[in-house]
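The values are calculated or read from the model by the stated rules, or taken from the named source; none is laboratory data. Values in this document were obtained by computation on a predicted structure and should not be read as measured data. We place every Cβ from the backbone using ideal geometry, glycine too, and count neighbours over all the protein chains shown.
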Amino acid sequence: MAEKVLMKGNEALAAAAVRAGCRFFFGYPITPQTELAAYMSKVMPKIGGTFLQAESEVSAINMVYGASAAGARAMTSSSSPGISLKAEGISYMAGADLPGVIINVERGGPGLGSIQPSQQDYWQATRAMGHGDFHLIVYAPSTVQEMADCVYNAFDVSDHYRVPVMLLCDGLLGQMMEPVVLPEEKTDLPAKPWATDGHKNQREHNVANSLFLKSEILEEKLNERYERYRQIEEHEQMSEGFLLDDAEYVVVAFGASARIARSAVVKAREEGIKVGLLRPITLWPFPKDAIASTIPHTKGYLSVEMNMGQMVDDVRLVVNGARPVEFFGRTGGVIPTPDEVLAAIKRLAGEEGAK
Amino acid sequence: MKTLYVGTTAYEYVAGLPSVVIVCGHYGVGKTNFSLNLAELCARMGRAVTLVDVDVVNPYFRTSDFDELIEKLGVKLIAPELAKTALDVPSLSGRIESAIIEAQRDPHHLLIIDAGGDDVGATVLGRFAPVIVKAPYEMFYVINACRDGSTTPSDTLMLMREIESMARLRVTSVINNTHLKSFTETAEIERGIAYADEFSSISELPVRMHTLPAFLFDQWLSVETTSGSRTPISSTDAEEYLGSPVSQKTDETPLTPSNVTVLNTLCVPSVKFSTLMCDSGFVVQVYVQTPWGS
C-alpha cells in the first residue's frame, strides 16, 4: 500500500497524469494553476516526456490536438480566461474524435476577474465549450485524492470513447494541500489503430480531421458521435450521496462547494432537518439517474454553487417541475461558509414546512 | 540519538533568539503556520515581534492573509503592498531593509521573516542577505517527512542546499514539522522524529524543535507526578507547565507516546487560534541542547 504524502491539488493532478501515461504537456502560466505546469516542467524531461510552455493557450490546445492525433496521451491546463482561448481547439478535437485531457482550475470571472476560486465555468464546460454540437466528459473532483484519481481515469475514458475530457476544478482545490496516495504507474496503454503514427505500408493512412464538406457525411458523423455520447450517458454517470436514504431535502453541490455543503448538511442534521447531499462527480453526463431516484421521497432541492446559478438549471431539468429547486451561491471569488449554506437549507425546509 | 535536556525554559529560549529569524523550507511543509505560531509565542514571552511576509510565489495562504489575527496577537506585519488583492505580481514592501537594520540594533525586537517555498521563494532572501549577515541571525529550515518532494533526508538536504544557494545565507537549525494535517497520527510523529534525527546527522544541524498538532497533545505529553506515575496533560492544562524545569532522559530510551515527558512547551494555541490557522493547531516541544553536551 503506497504511502500518503502531502500534495497540492495542482501537483497531484500533474503527478497522477504522468502515472496515467501522459507524456505530453502543453500549457501556459496562469494563477491559480501554474504549479501544474511547473511540476510538469520539472518531471517531463526526467521521464523522456515533453513539456512545452506554448506561446499562448490557443497554441497549447492545438499542440494537444497534434499529439493526440499521433496517438499520444496529451494534456493541457489553464484557468477560466485561458480556457476560453482554447474553445476553438477543443471544438476541433471533438470534431476529429481526438482524446485528450483539459484541466480548468477555475478563477473568478468574467473577463480577467479575480485569482480567487469560483465555479463560474460550469455552463462553459457542460454546454458551450466551443462551437458546434458536441459534448465533453466533465469531471468535478472535490478532494486532492479525487483530483488524482479523476485525472488518472480521465485518460482511459477519453481514449475509450475518443471524446476529450475536462476536469473542472477550482482555485481552492488546486491550491489546497491534502494527503494523497498516488496511483500506480500505468504500463499497458490501449492501442490506437486510428492514430497518425506512421502507416509503414501496413495499413491505409489515417487522417485526423474535422472538416466534412458533404453534409450527409457530416450528419452521419454526428449521429455516430451522439450514439457514443448516449453510451457515455448510460454508463459514465458518477455521483456521491451523503445521508440521502431518509433525506427530505437534497443539497446538490460539486467540487469545493460540496465540501462546504457537507459541513452545512451535518449541522442541519444536528438541528433535526432531514437533509442530504448529492455530489455530482461527472457534470457531463449529469447524474440524472441518481437525482431522479431521490424525487419520490423528497420535498425540495437546493443547488449550492460558487456562481450566479448554473448547475441549478440541470437540477431543474431532471426534477422537471416535480419539486421546488432553489439556489444559493456566492461569487466573485468569495467562498460560502457552512453557516450561510445552513441558512439556505433552513429557508428551503422552512418554506416547505409553511405550505 | 539526541538527548532531551534540562535547563532552558521557554522564556529564556525566546529571549536568547537573535533579533532576525528567517523561516525557510520546501514549498508546503508548514512554514507560514509555524511562523504564526512562533510569532504568537515570542509576543507572549515579551519580545516586540514583527512578521515579515516575503512570499511572492504562493497565490493563496500567505502570512498576509492573517493580518487580523496577527494584529490581535500584538504582532506587527510587513506585507507586500499588493497583498490580498487580485494583482498577483511579485512585489515587496520597501520597509523590509530598514526593519532588519532596526531589529539588529535593538535586541528587544524580533523580526520573523517568512520566506516563500523552495529556492524560488528564497531568492527574495538573497536580496537582503548582505544586510542580514551583519549581525547574528537564526535561519530555521522547516522539514516535513510527509510532504511530497522531501520524504527522504537526502532529498530534504538537497532542497536545503538549493535554498541556501539562492538565499545566500546558511541554515542554522532545523524545525521538524512532520504532519499530515488533520490526518496526523502517532505514527507520523514517530516517523518524523526518526527522519529529523537522520536529517540532523547528515546536515550537521541541530533540530531545534519538534512540533505536535494540538489534537495529539494528550497522547504525547505527560508529566511525571511526585509518586513517579505519569498523567497525560491536555492542551488547556499545558499552560501551567510553561517554563518549568524538565526531567532528563537518556539517549537509549526510544521516544514513544508513553514515555515522552513534558519539556518546555513553548506554544499552546487556543482552540480558537488553531481553527483559524488550518485544520490543526500546533504546539511546539523544544528539545534544546545545553552547552555541557550529552
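Quick notes on this one:
- Answer from A:Ser77, A:Ser91, A:Ser142, A:Ser68 - the residue that is surrounded by 17 or more Cβ atoms within 10 Å (Cβ to Cβ), touching a residue at least 24 places away in the same chain (Cβ under 8 Å) and more than 25 Å from A:Lys192 (Cβ to Cβ): A:Ser142
- Residue ID - nearest to the other protein chains (Cβ to nearest Cβ), chosen from residues in the stretch A:154-177 that are assigned to a strand (DSSP E or B) and within 18 Å of A:Thr76 (Cα to Cα): A:Asp170
- Qualifying positions in the stretch A:304-332 - assigned to a loop (DSSP other than H, G, I, E, B) and either more than 24 Å from A:Lys267 (Cα to Cα) or among the aromatic types (Phe, Trp, Tyr) (or both): A:Met308, A:Gln310, A:Asn320, A:Gly321, A:Ala322, A:Gly332
- Residue match in the stretch A:61-74 (condition: part of a strand (DSSP E or B), farther than 30 Å from B:Ala83 by Cα and more than 14 Å from chain B (Cβ to nearest Cβ)): yes
- Tally, over the stretch B:28-68, of residues that are in a helix (DSSP H, G or I), basic (Lys, Arg) and more than 14 Å from every other protein chain (Cβ to nearest Cβ): 1
- Those residues of the stretch A:40-50 which are within 14 Å of chain B (Cβ to nearest Cβ) and β-branched (Val, Ile, Thr), in sequence order: A:Val43
- Test for A:Thr196: is it surrounded by fewer than 19 Cβ atoms within 10 Å (Cβ to Cβ), at pLDDT 95 or above, in a loop (DSSP other than H, G, I, E, B) and of a type in the set (Ser, Thr, Tyr): yes
- Across the stretch B:163-182, a minimum of one residue is classified as within 14 Å of chain A (Cβ to nearest Cβ), within 16 Å of the chain's Cα centre (by Cα) and modelled with pLDDT under 85.
- Single residue of the stretch A:1-39 satisfying the filter (within 13 Å of chain B (Cβ to nearest Cβ), crowded, with 22+ Cβ neighbours inside 10 Å and of a type in the set (Gly, Ala, Ser)) that is farthest from the chain's Cα centre (by Cα): A:Ala15
- Of all residues in the stretch B:25-59, exactly one satisfies the criterion of being closer than 20 Å to B:Arg170 by Cα and in contact with a Phe, Trp or Tyr (Cβ under 6 Å, 6 or more places away or on another chain), namely B:Gly25.
- Looking only at residues in the stretch A:84-94 that are touching a Ser or Thr at 6+ places or on another chain (Cβ under 9 Å) and aliphatic (A, V, I, L, M), the one that is nearest to the other protein chains (Cβ to nearest Cβ) is A:Leu85.
- Within the stretch A:325-340, residues that are over 14 Å from A:Arg259 (Cβ atoms) and within 14 Å of chain B (Cβ to nearest Cβ) have Cβ atoms under 9 Å from residues that are surrounded by 18 or more Cβ atoms within 10 Å (Cβ to Cβ) and of a type in the set (Val, Ile, Thr) in these pairs: A:Gly333/A:Ile115, counting only partners at least 6 apart in sequence or on another chain.
- Test: B:Ser222 is within 14 Å of another protein chain (Cβ to nearest Cβ) and at pLDDT below 80: no
- Failed item, numbered, when A:Glu271 is tested on (1) surrounded by fewer than 24 Cβ atoms within 10 Å (Cβ to Cβ); (2) under 16 Å from A:Gln119 (Cβ atoms): (2)
- Hits in the stretch A:240-259 - residues which are surrounded by fewer than 24 Cβ atoms within 10 Å (Cβ to Cβ) and aliphatic (A, V, I, L, M): A:Leu243, A:Leu244, A:Ala247
- Residue, modelled with the lowest pLDDT, within the stretch B:105-115, restricted to residues that are surrounded by fewer than 24 Cβ atoms within 10 Å (Cβ to Cβ) and either under 21 Å from B:Arg208 (Cβ atoms) or of a type in the set (Asp, Glu) (or both): B:Pro107
- When B:Ser150 is tested against (1) crowded, with 24+ Cβ neighbours inside 10 Å; (2) without any contact (Cβ under 8 Å) to a residue 12 or more places away in the chain, exactly one condition is not met: (2).
- Condition met for B:Val120 (farther than 24 Å from B:Ala15 by Cα, within 13 Å of chain A (Cβ to nearest Cβ) and assigned to a helix (DSSP H, G or I)): yes
- The residue that is farthest from the other protein chains (Cβ to nearest Cβ), among those in the stretch A:95-123 that are buried (at least 23 other Cβ atoms within 10 Å of the Cβ) and of a type in the set (A, V, I, L, M, F, W, C), is A:Leu98.
- Among the residues of the stretch A:124-131, not a single one is in contact (Cβ under 8 Å) with a residue 40 or more places away in the chain, among the basic types (Lys, Arg) and either buried (at least 24 other Cβ atoms within 10 Å of the Cβ) or not in a helix (DSSP H, G or I) (or both).
- Taking the criterion of being free of Cβ contacts under 8 Å to residues at least 24 places away in the same chain and under 18 Å from B:Val14 (Cα atoms), no residue of the stretch B:47-65 qualifies.
- Residues satisfying the stated conditions in the stretch B:132-162, i.e. within 14 Å of chain A (Cβ to nearest Cβ), touching a strand residue (DSSP E or B) at 6+ places or on another chain (Cβ under 9 Å) and assigned to a helix (DSSP H, G or I): B:Thr156, B:Leu159
- You will find that of B:Glu97, B:Glu81, B:Glu71, the residue that is loosely packed, with under 15 Cβ neighbours inside 10 Å, assigned to a helix (DSSP H, G or I) and either free of Cβ contacts under 8 Å to residues at least 40 places away in the same chain or within 14 Å of chain A (Cβ to nearest Cβ) (or both) is B:Glu71 and no other.
- For A:Val151, the conditions (1) among the β-branched types (Val, Ile, Thr); (2) assigned to a loop (DSSP other than H, G, I, E, B); (3) under 12 Å from A:Leu13 (Cβ atoms) all hold with the exception of (2).
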